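The values are calculated or read from the model by the stated rules, or taken from the named source; none is laboratory data. As the structure is a computational prediction, the values presented were derived from the model and not from experiment. Ideal geometry is used to build each Cβ from the backbone, glycine not excepted, and the neighbour counts take in all protein chains shown. Note: accessible area is taken over every heavy atom of the protein model, side chains too, but ligands, DNA and RNA are not part of it. Shrake-Rupley method; radii C 1.70, N 1.55, O 1.52, S 1.80 Å.
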Amino acid sequence: MPADTDPATQNDELIRFTNVTKRFGENTVLDDLCFSVRPGRHVTLIGPSGSGKTTILRLLMTLTRPDSGTIDVNGGRLFPADERQRREVRKKIGMVFQQFNLFPNMTVLRNITEAPVRVLGLSRDEAEERARGLLELVGLADRAGARPSQLSGGQQQRVAIARALAMRPQVLLLDEVTSALDPELVAGVLDVLRDIARTTDITMLCVTHEMNFARDISDEVLMFDAGKVIESGSPEKMFSEPEHDRTREFLGAVL
Ligand SMILES: Nc1ncnc2c1ncn2[C@@H]1O[C@H](COP(=O)(O)OP(=O)(O)OP(=O)(O)O)[C@@H](O)[C@H]1O
Ligand SMILES: [Mg+2]
């Protein structure tokens, strides 16, 4: 039996895109895209600007929908699916954006407890206990009462990471989470993410221009171009001896 139809193989996939096409007007951003991610893996998406990396993460967050194809997460169907099913599957996925997107009028603690209380139905006490543990993890235990505007960009981004983790997602999506930061704040955020990659079994899908970081944490690197995965492999292979001209060109430009 070929590997792609073997049920045992399919069960070992946490995320699967099957023939996903996404267009914006005349622009075909994802073109019959197929790829899958196994549980617990750390996968980095690379590729030129406009190659559809953010679109893939936004599809997983159900912030946008495909024109055709199917997207499955943890055995549940995200697309096509009815709204109720989609919400269930979507709960397993957390995302951190380039622009933190914290609620400016809430304290740090409240930013982290809000969704667990509202969406997961945790009591305030449970949610706060969880939030304090996560603030410890991201090195901000003493800033629980602060407002986002009183924090540096790096601190805000670490709060955004804690907020995503508070939902106990199986999948964490990271879209250029350090690109908006002053250079001296980048390392602190990447250290937190390295820590999470090392100490949890969360599956990570990461778009980044920080190639050293990508090399450190990734099990696999996917190179996108023109709406498809044109090459994939271990970071060692992808960064040291890519096979595809487009990958070589792209890495030549960013490294
Ligand atoms: N809401 C939208 N409306 C119209 N076009 C869009 C929209 N969102 C994305 N696009 C287009 O889809 C293509 C892919 O965008 P996407 O943001 O996924 O690329 P990307 O790989 O994340 O690029 P970058 O590295 O610059 O962040 C681009 O051509 C973009 O202009
Ligand atoms: Mg993008």
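If you go through the stretch 63-99 and keep only what is more than 13 Å from the chain's Cα centre (by Cα), within 26 Å of Gly25 (Cα to Cα) and hydrophobic (A, V, I, L, M, F, W, C), you end up with Leu63, Ile71, Leu78, Phe79, Ala81. Summed over the stretch 25-71, residues that are farther than 23 Å from Arg246 by Cα, of a type in the set (D, E, K, R) and within 16 Å of ligand 2 (Cβ to nearest atom) total 1.
Being basic (Lys, Arg), in a helix (DSSP H, G or I) and surrounded by fewer than 19 Cβ atoms within 10 Å (Cβ to Cβ) is not true of Arg77. Applying the condition of being in contact with a Pro (Cβ under 8 Å, 6 or more places away or on another chain) and buried (at least 20 other Cβ atoms within 10 Å of the Cβ) to the stretch 152-205 and asking which residue is nearest to Ile15 (Cα to Cα) yields Thr203.
Scanning the stretch 17-36 for residues that are within 20 Å of Phe97 (Cβ to Cβ) and of a type in the set (A, V, I, L, M) turns up Val29, Leu30. Looking only at residues in the stretch 112-142 that are of a type in the set (Asp, Glu) and closer than 24 Å to Glu88 by Cβ, the one that is nearest to the chain's Cα centre (by Cα) is Glu114.
When the stretch 228-252 is filtered for residues that are part of a loop (DSSP other than H, G, I, E, B) and either surrounded by fewer than 17 Cβ atoms within 10 Å (Cβ to Cβ) or hydroxyl-bearing (Ser, Thr, Tyr) (or both), the ones remaining, listed by number, are Ser234, Glu241, Glu243, His244.
In the stretch 86-95 there is at least one residue that is at pLDDT below 95, under 23 Å from Val138 (Cα atoms) and open to solvent by 20 Å² or more (accessible area, probe 1.4 Å). Pairs meeting the criteria (first residue in the stretch 197-225 and closer than 14 Å to Thr54 by Cα and among the hydroxyl-bearing types (Ser, Thr, Tyr), second residue crowded, with 19+ Cβ neighbours inside 10 Å and at pLDDT 95 or above, beta carbons under 6 Å, at least 6 apart or on different chains) are Thr208/Ala214.
Selection of the stretch 19-58 for residues being open to solvent by 10 Å² or more (accessible area, probe 1.4 Å), polar (S, T, N, Q), more than 9 Å from ligand 1 (Cβ to nearest atom) and within 16 Å of Leu222 (Cβ to Cβ) yields only Ser36.
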